[in-house]
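This report refers to the structure that appears directly beneath it.
Taken together, the values in this text are just the output of simple stated rules run on the coordinates, not laboratory data. Computed from a predicted model, the values in this text were never measured in an experiment. Cβ: placed from backbone, ideal geometry, glycine included. Neighbour counts: every protein chain shown.
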Amino acid sequence: MKRKPNLLFVFADQWRRDAMGFMGKDEVITPNIDSFAQEALNFDNAMSACPLCSPNRATMFTGTHPVTHGVWTNCKPGLPNLELRETDVTLMDVLKNDGYKIGYIGKWHLDSPEVNFNPEPVSGARDWDAFTPPGKRRHGVDYWYSYGTYDQHLKPHYWHDDNKMIQIDQWSVEHETDKAIEFINKNKDEAFSLILSWNPPHTPLDLVPQKYVDMYKDKKFKVNPNVLLTGVTDHTESVNPRLNFTDEQYQDVMRKYFAAVTGIDENFGRLLQNLKDNGIYDDTIIVLTADHGEMLCAHRLWSKHVWFEESTGVPFLIKYGDRFVKGRTDVVLNGVDIMPTLLSLMELPIPESVQGIDLKEVIVNGSDVENYAIMTGYPGQMRAIEEFRSHGKENVAFGWRAIRTKQYTYAINRGYTMAHGIERLLYDNINDPYQMNPIRLNDCSENEVAAELEAKLREWAVKYNDKFEF
C-alpha cells in the first residue's frame with residue numbers, strides 16, 4: 001500500500017526572501033538552508049499576499065484573499081470580530097478529513113485577543129495574545145502547543161488543551177523545535193502533518209541567543225543602494241515607521257536580525273536530521289517559508305506592510321524525496337497559492353472556496369507558468385479606521401493594491417489617511433532590482449504595461465468584491 005506523504009510545513013515571521021545565504025544577497029549564515037536548497041525547489045518570486053502577520057497566515061491556510069476570509073489586519077485589541085472564522089475551510093481541515101495526525105506548534109495569531117472580551121482573562125493572556133480552546137477554532141489540529149502572539153522570544157509561553165499558561169525559559173525557536181521533534185518521534189509511524197510557526201526573526205531583535213550574535217561580531221555589512229538611514233524619502237506614505245539610524249545602529253540591527261535567521265537555520269537543520277534519523281526524510285513533503293518580509297531600512301522604512309520586495313518577498317522552498325524538481329524557478333508563487341498547491345501535491349481535494357492557483361506542474365515537472373500575485377494592504381490602525389468612518393468611508397476601500405509579475409510590480413496607493421490622495425507606481429524589478437526608479441503615473445493609460453496590470457487588478461477586485469477605490 002502506498003504510504004501517504006507526511007507534511008512538515010515550517011514558517012518564520014518577518015523573514016525576508018533575500019535573507020538566505022544561497023540567494024547571494026544578504027550576508028547571512030545559513031548552511032543548513034543552503035544545503036537543503038541544493039535538494040529542493042526554490043521559488044525566487046515567492047510573495048506574501050498581504051505582508052502582515054494575521055492576514056497572510058489566514059491566506060496561506062485558507063487559499064483565499066483577505067477580502068474574502070476577512071482578516072484584513074492583525075488580530076488585536078479593539079477589533080473583536082477580526083479572526084479566522086470557524087466555518088472557513090483550511091488546509092488543516094482537509095488534512096484531518098483524510099486521516100492525518102495534525103500538529104500545530106508556535107505562533108497562531110488568528111484569534112481575537114481575549115482582552116477584547118475580558119480585561120482579566122483566566123488564561124493570563126494580555127495585549128494581542130489569545131488562548132485558542134479545543135474545538136472548531138483549531139480547525140482539525142490534534143496536537144496544539146501554541147499562543148496568539150507574544151514577542152518575548154527568550155521567555156515564551158504556550159497553551160495546550162486547557163487555559164493554563166505554560167511558561168518557558170528558552171529561546172522560542174529552540175523550544176518549539178524540541179516540541180516538533182517530540183511530535184515527529186511520537187507519530188513517525190503514521191501519516192502526519194506538522195505546522196511549525198517560529199516568531200523570530202520578528203522584532204524585538206535584541207531577544208536572540210548571544211551565540212548567534214557572536215557569529216557576526218566582526219562583520220561589517222554592506223549597505224544596499226536603497227537603504228536610507230536618515231533624511232527625506234520622496235516615495236509614498238506608509239504605515240511603517242520612518243526611523244533615523246546611525247551607521248553603527250544599522251550595523252547592529254543587521255547583526256541581530258541575521259543572528260536570528262542563523263538560529264532558525266540551526267534549528268531547521270535539527271528538524272531535517274530528525275526526519276533522517278527516523279527514516280522518513282524522503283517520505284515527507286518539507287516546506288520552508290515565511291508570512292512576510294522585513295524592510296530593514298530599505299527606502300527608510302522598517303518592518304513590513306508595504307509593496308516593496310523586502311516586505312512582500314518571502315522564502316519558499318519545497319522538497320519531497322526525489323519526486324520534485326530541484327533548483328530554482330522564477331514562477332510567481334503567492335501566499336494564496338500555497339494551500340491548493342500542497343493539497344494537489346498530496347492528491348487531496350481542493351475546496352471550491354479556494355482562490356489561489358495550483359502550481360503542482362511547476363513543482364513536479366518544472367513547467368513554466370505565467371502566474372502573478374495580487375497583494376493588498378489595508379489601514380488597520382484604530383485612528384485610521386476612525387478617521388475613515390468619520391467621513392462615511394470604509395477603511396478597506398483604502399490602503400494599497402499591487403500586482404507582481406515575474407518582471408513588474410504595479411502598485412496603486414490610496415494611503416492610510418483621507419488626505420493622501422492616490423498614486424500609481426510601476427517598478428521594473430529586473431532592470432531596477434532595488435525599486436528606486438518607479439514610473440509615476442497619473443493614469444494607467446500613460447503606460448502600456450501599467451494599463452495591462454491595472455486591468456488585471458480591477459478584474460480581480462470585481463471578481464472578489466474588493467471595495468478599493470481605484
Using a cut-off of 12 Å between alpha-carbon atoms, which aspartates and glutamates can reach K393, once sequence neighbours fewer than 8 places away in the same chain are excluded? E469
For the pair H160 and D277, what calculated FRET efficiency results from E = 1/(1 + (r/R0)^6), where r is the Cβ-Cβ distance and R0 = 30 Å, to the nearest 0.05? 0.70
Averaging sequence separations of C-alpha pairs under 8 Å and six or more residues apart, then dividing by the length of region 6-371, give the relative contact order as a whole percent. 30
Where nothing but the Cβ of Lys and Arg (+1) and of Asp and Glu (-1) is charged, how large is the charge dipole of region 378-463 around its Cα centre, in debye to the nearest 20? 320
Using only the Cα atoms of the chain, construct the convex hull and provide its projected area averaged over every direction, in square nanometres to one decimal. 21.4
Kindly identify region 351-470 as rounded, prolate or oblate by the Cα gyration tensor criterion: order the square roots of the eigenvalues as a ≥ b ≥ c, call it rounded if a/c is under 1.5, otherwise compare a/b with b/c, prolate if a/b is larger, else oblate. oblate
MRE, 222 nm, helices only [DSSP H, n ≥ 4, -39500 (n - 2.57), over the chain, to nearest 500]: -8000 deg cm²/dmol
In whole angstrom, note down how far apart the Cα centers of region 147-166 and region 73-144 are. 13
Candidate aspartates and glutamates for bridging to K463, where Cα separation is under 12 Å - those fewer than 8 sequence places away on the same chain excluded: none
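Of all trypsin sites (Lys or Arg not before Pro) in region 1-59, which ones are in loop regions per DSSP and have a Cβ with at most 15 other Cβ atoms within 10 Å?
Passing sites in region 1-59 are K2, R3, K25.
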Can you give the net charge of the other residues whose Cβ lies under 11 Å from the Cβ of P80, counting K and R as +1 and D and E as -1? -2
With Cβ to Cβ distances under 15 Å as the rule, what net charge do the other residues near T68 carry (K, R +1; D, E -1)? 0
For the chain, size of Cβ-based charge dipole, Lys and Arg +1, Asp and Glu -1, in debye: 300
Roughly what would the spin-label model give for N431 and D169, points 7 Å off Cα along C-beta, in nm? 6.0
Looking only at GluC sites (Glu not before Pro) in DSSP loops with at most 15 other Cβ atoms within 10 Å, what is the longest site-free stretch of the chain? 191-346
